[in-house]
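Undergrad: Can you read through this structure? Questions will come right after.
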Amino acid sequence: MQTLIGIAWLLGLQAAGEVLARALGLPFPGPVVGMLLLLVALNFQPVRDAVRSCAEFLLLHLSLLFVPVAVGVMSYLPLLAAYGGRLALVLLVSTWLGLAVTAVLLRWLLGNEDAGLR
């Protein structure tokens, strides 16, 4: 029962985020607003317990969530065969670029933090 309550919290907060984002004309998507609402709601023990139970359930069955993705990939195999190499290259380059930017930013931020300690 606790798992269902957790799912209800997650879906309700996500829906509330969608409504708020559209009603207020916010510049970021509803799920982001829903996550912020969830962050606030997790300060309350009943919500925390319900969401924890739901998260444990979802993590136990995480592999099932990949089935639709696998079916989608299989249905586009000819397209993947034609563009798979380019797609892999773009994924590889963008991943390494993201890691490099993150590393440079982290070094810069830590460098500024060390300078402030001196």
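Undergrad: Considering the stretch 9-39 alone, what residues qualify as being surrounded by 13 or more Cβ atoms within 10 Å (Cβ to Cβ) and within 15 Å of Ala50 (Cβ to Cβ)?
TA: Trp9, Leu10, Gly12, Leu13, Gln14, Leu37, Leu38
Undergrad: In this structure, does Ala70 turn out to be of a type outside the set (Asp, Glu) and surrounded by 12 or more Cβ atoms within 10 Å (Cβ to Cβ)?
TA: No, not satisfied.
Undergrad: All but one of (1) among the aromatic types (Phe, Trp, Tyr); (2) at pLDDT below 95; (3) over 16 Å from the mean Cα position of the chain (by Cα) hold for Phe66; which doesn't?
TA: Every condition holds for Phe66 apart from (3).
Undergrad: Let me ask something else. Counting just the residues of the stretch 90-118 that are part of a helix (DSSP H, G or I), at pLDDT below 90 and of a type in the set (D, E, K, R), which one comes out nearest to Leu80 (Cα to Cα)?
TA: In this case the residue turns out to be Glu113.
Undergrad: State the number of residues belonging to the stretch 14-72 that are among the aromatic types (Phe, Trp, Tyr), part of a loop (DSSP other than H, G, I, E, B) and within 22 Å of Gln2 (Cα to Cα).
TA: Total meeting the criteria: 1.
The values are calculated or read from the model by the stated rules, or taken from the named source; none is laboratory data. Since the model is a prediction, treat every value here as computed from it, not as a measurement. Using ideal geometry, Cβ is built from the backbone for each residue, glycine included, and neighbour counts are taken over all protein chains shown.
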